[in-house]
Amino acid sequence: MAILELPEKLQEQLDRLPSEPGIYEMLDADGTVLYVGKAVELRSRARSYFQPGRPRSARGDAMLERVAEIRTIIVKSEAEALLLECNLIKQHKPPFNIRLKDDKKYPFLKVTLEEQFPRVIFTRKVARDGGRYFGPFSNAGGLREAIDIIRKVFPLRTCKEEIGVVYRRPCLQYHIKRCMAPCAFLQSKPDYDATVRDVLLFLEGKHEVLVDKLKREMEFASEQLAFEHAARLRDRINDLERVMARQEVVWKSQVDMDLIAGAHGQGASSMEVFFVRGGKLLGQEHFIVEGTEGRAPHEVLSEFIKQFYAQSPGIPKEIMLEVRIPDMADVARALSAVRGNRVRILVPERGQRAEYMRKVRRNAEQHLADHLTQTGVAQERATAALGELAAALSLPAIPQRIECYDISHVQGTNVVGSMIVFEDGKAAKNEYRRFKIQGDEKNDDFANMRQMLRRRLRYLMPEAGGVNMGREKKFAKRPNLLLIDGGRAQLNVASEVLQELDLIALPVAALAKQFEELYVPKESAPILLPRNSPALHLVQRVRDEAHRFAVAYHRGLRAKQAVTSALDGLPGIGSARRKALLRTFGSVAGVRQASVDELQTVPGISHDLALVIRAAMMRDAADVADARSDAS
């Protein structure tokens with residue numbers, strides 16, 4: 001079947017597409033990624049979009065009208081294609097893809113097995129570093145509560161201290177029985193490792209196995225007259241049995257599985273995941289999926305599975321779905337390749353499992369209703385706040401885009417600026433920008449603010465022309481309100497810059513922190529909003545976010561400078577050895593945490609030089625702590 005008449009460049013790209021498996025990206029004329037997909041055979045899959053007889057939809061037609069270029073990436077396997085597709089969707093957030101809502105990275109629980117004495121920690125980064133990861137979780141607060149329970153039941157260390165080299169005095173965690181003080185040589189490495197194995201059994205859902213093991217250990221300790229140790233084991237068993245009593249028995253099968261169902265409406269979907277391990281329900285999470293308007297439930301389910309398990313460190317043996325997905329066999333093969341052995345995807349049609357899937361779906365429907373309600377209430381509040389702010393400042397229109405600016409430094413060093421953006425009353429974090437103030441660093445907030453505003457606002461000048469292209473094209477968006485952190489003096493600086501750039505029509509205001517006063521040009525008296533005003537709460541949130549963003553950037557620069565300068569100033573450490581240290585330990589923080597023996601493994605670092613580096617890093621750790629304390 002003939003392909004529709006297309007622009008010459010696009011037609012040439014379609015003609016040259018390879019007949020191999022891989023990833024394809026559809027881009028518009030500005031280079032924005034519109035859609036990311038994977039295909040067993042790139043040529044036929046990409047060309048199918050432009051066939052006259054293709055299935056029609058408003059969403060698909062809208063996308064094809066904007067397509068100006070197609071890029072492809074050839075891969076070796078379905079597993080590689082699955083991971084790459086999900087990473088590209090997460091990176092580009094294409095408007096025509098179904099996407100897991102990802103304004104933040106989902107949290108994971110990590111057991112730091114790469115450490116000699118492992119810990120249980122909260123993290124948002126998954127790396128192939130030898131640790132064990134569990135998750136992702138949609139609720140960070142719930143995960144922190146789970147970690148707290150684990151730390152109460154299993155006495156593992158929480159500190160980052162180097163253990164086993166020198167004696168350290170036991171901390172409070174030892175005295176409240178939350179840690180057995182391996183740092184003070186009060187617990188042996190084999191005993192500590194046994195506790196770590198118990199934690200892993202607990203996290204894997206093997207609770208009965210763990211309780212039986214602990215009961216045997218308790219009986220043995222009692223026989224050996226180690227009554228204090230036996231009492232600790234008894235308390236641990238009681239805590240575990242209380243946890244087990246709250247768990248629901250789903251069915252007799254001991255196979256680990258996830259149960260997934262969804263609810264859809266108003267352009268969003270809520271996907272519910274029940275985690276069943278050893279026949280018991282360990283927990284459940286729900287995830288909001290965007291870009292689903294006009295999509296069939298099985299399409300949403302298919303995309304969710306791929307994106308969810310692409311970032312999950314553990315894939316169960318069985319995945320149970322509420323409806324059949326069209327590419328079920330392909331997805332199963334890809335997940336099996338990622339897991340390393342077979343993954344089964346099932347769709348129960350009758351019986352106990354089908355009934356339980358209806359329960360999963362009811363939970364999804366409830367979470368979707370909650371999400372839509374919260375979104376609607378938040379939107380109503382934002383609309384009210386923006387309307388009140390526009391009236392208070394006599395703005396010509398509702399300020400749909402607010403940009404706020406702040407400066408951060410300590411006595412004129414490491415001077416940085418921040419620009420944060422709120423669109424429709426919500427933070428648009430992908431629009432944030434940070435500035436490193438150029439030239440001689442000065443303790444002059446007015447000059448620093450003037451430089452930052454010039455560097456940003458010059459992109460709004462009519463004669464800027466092509467300067468808005470490339471990575472700076474987002475700077476071409478015109479704000480409806482500039483908000484400056486400060487008082488009348490800071491407002492005057494901003495007004496001077498606007499006049500200098502012939503942008504006097506751009507609304508600007510300054511928010512003074514002491515009395516929360518708003519200053520505007522040509523008004524001698526400040527504007528005081530009521531304390532319970534939604535508009536005041538909005539500008540406070542905007543101002544505080546700008547301050548947080550600036551301080552975080554300044555703190556990172558100062559801490560990095562403190563450690564880097566310590567390395568650069570050491571005799572015997574030239575550029576080659578410094579690069580070797582950073583390459584080996586990954587960062588300056590890694591160098592600081594390295595032991596003398598670890599430092600000696602770096603080429604060119606002798607034992608004596610390792611001692612010098614270690615001593616310098618220990619001294620410098622105090623400077624870094626001081627820098628972070630001052631910046632915050």
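The values are calculated or read from the model by the stated rules, or taken from the named source; none is laboratory data. Predicted, not measured: the structure shown is a model, and the values here were computed from it. Neighbour counts are summed over all protein chains in view; Cβ atoms, including those assigned to glycine, are modelled from backbone coordinates with ideal geometry.
Points worth noting:
Rundown of residues vs (1) in the same structural domain as Leu453 (by TED's automatic domain parsing); (2) crowded, with 16+ Cβ neighbours inside 10 Å; (3) out of contact with any strand residue (DSSP E or B) (no Cβ under 6 Å at 6 or more places or on another chain), yes/no style:
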{"residue": "Phe475", "(1), (2), (3)": "yes, yes, yes"}
{"residue": "Pro479", "(1), (2), (3)": "yes, yes, no"}
{"residue": "Ile484", "(1), (2), (3)": "yes, yes, no"}
{"residue": "Pro507", "(1), (2), (3)": "yes, yes, no"}
{"residue": "Phe515", "(1), (2), (3)": "yes, no, yes"}
{"residue": "Lys522", "(1), (2), (3)": "yes, no, yes"}
{"residue": "Ala525", "(1), (2), (3)": "yes, no, yes"}
{"residue": "Val542", "(1), (2), (3)": "yes, yes, no"}
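- Residue check for Ala62: closer than 25 Å to Gly262 by Cβ and either touching a helix residue (DSSP H, G or I) at 6+ places or on another chain (Cβ under 7 Å) or buried (at least 16 other Cβ atoms within 10 Å of the Cβ) (or both): no
- Per-region count, region 120-145, residues touching a residue at least 40 places away in the same chain (Cβ under 8 Å), surrounded by 15 or more Cβ atoms within 10 Å (Cβ to Cβ) and not in a strand (DSSP E or B): 5
- In region 519-532, the residues that are basic (Lys, Arg) never reach a residue that is part of a strand (DSSP E or B) with C-beta atoms less than 6 angstrom apart, at least six apart or across chains.
- Every listed requirement among (1) surrounded by fewer than 17 Cβ atoms within 10 Å (Cβ to Cβ); (2) in contact with a Gly (Cβ under 6 Å, 6 or more places away or on another chain); (3) not polar (S, T, N, Q) is met by Tyr24 save one, (1).
- Taking residues in region 30-46 that are over 15 Å from Asp327 (Cβ atoms), and partners anywhere that are of a type in the set (S, T, N, Q) and crowded, with 17+ Cβ neighbours inside 10 Å, the pairs with Cβ atoms closer than 8 Å and at least 6 places apart or on different chains are Tyr35/Asn97; Val36/Asn97; Leu42/Thr72; Ala46/Thr72.
- In region 189-226, residue farthest from Gly135 (Cα to Cα) [restricted to those that are outside any helix (DSSP H, G or I) and in contact (Cβ under 8 Å) with a residue 12 or more places away in the chain]: Lys206
- Some residue of region 496-510 being in a helix (DSSP H, G or I), in contact with a helix residue (DSSP H, G or I) (Cβ under 6 Å, 6 or more places away or on another chain), at pLDDT 90 or above and aliphatic (A, V, I, L, M): yes
- Single match in Arg59, Arg43 (criterion: in contact with a Ser or Thr (Cβ under 9 Å, 6 or more places away or on another chain) and either over 25 Å from Gly294 (Cβ atoms) or not in a loop (DSSP other than H, G, I, E, B) (or both)): Arg43
- Of the residues making up region 36-59, one or more are of a type in the set (Phe, Trp, Tyr) and closer than 23 Å to Ser19 by Cβ.
- Residue tally, condition among the small types (Gly, Ala, Ser) and surrounded by 16 or more Cβ atoms within 10 Å (Cβ to Cβ), over region 359-378: 1
- Counting only residues that are under 21 Å from Asp330 (Cβ atoms), hydrophobic (A, V, I, L, M, F, W, C) and out of contact with any Gly (no Cβ under 8 Å at 6 or more places or on another chain), region 51-101 holds 8 of them.
- When region 103-151 is filtered for residues that are closer than 30 Å to Val165 by Cβ and touching an Asp or Glu at 6+ places or on another chain (Cβ under 6 Å), the ones remaining, listed by number, are Glu114, Asp129, Gly130, Gly131.
- Filtered by the rule that a residue be part of a loop (DSSP other than H, G, I, E, B) and without any contact (Cβ under 8 Å) to a residue 60 or more places away in the chain, region 94-117 gives Asp102, Lys104, Lys105, Pro107, Thr112, Glu114, Glu115.
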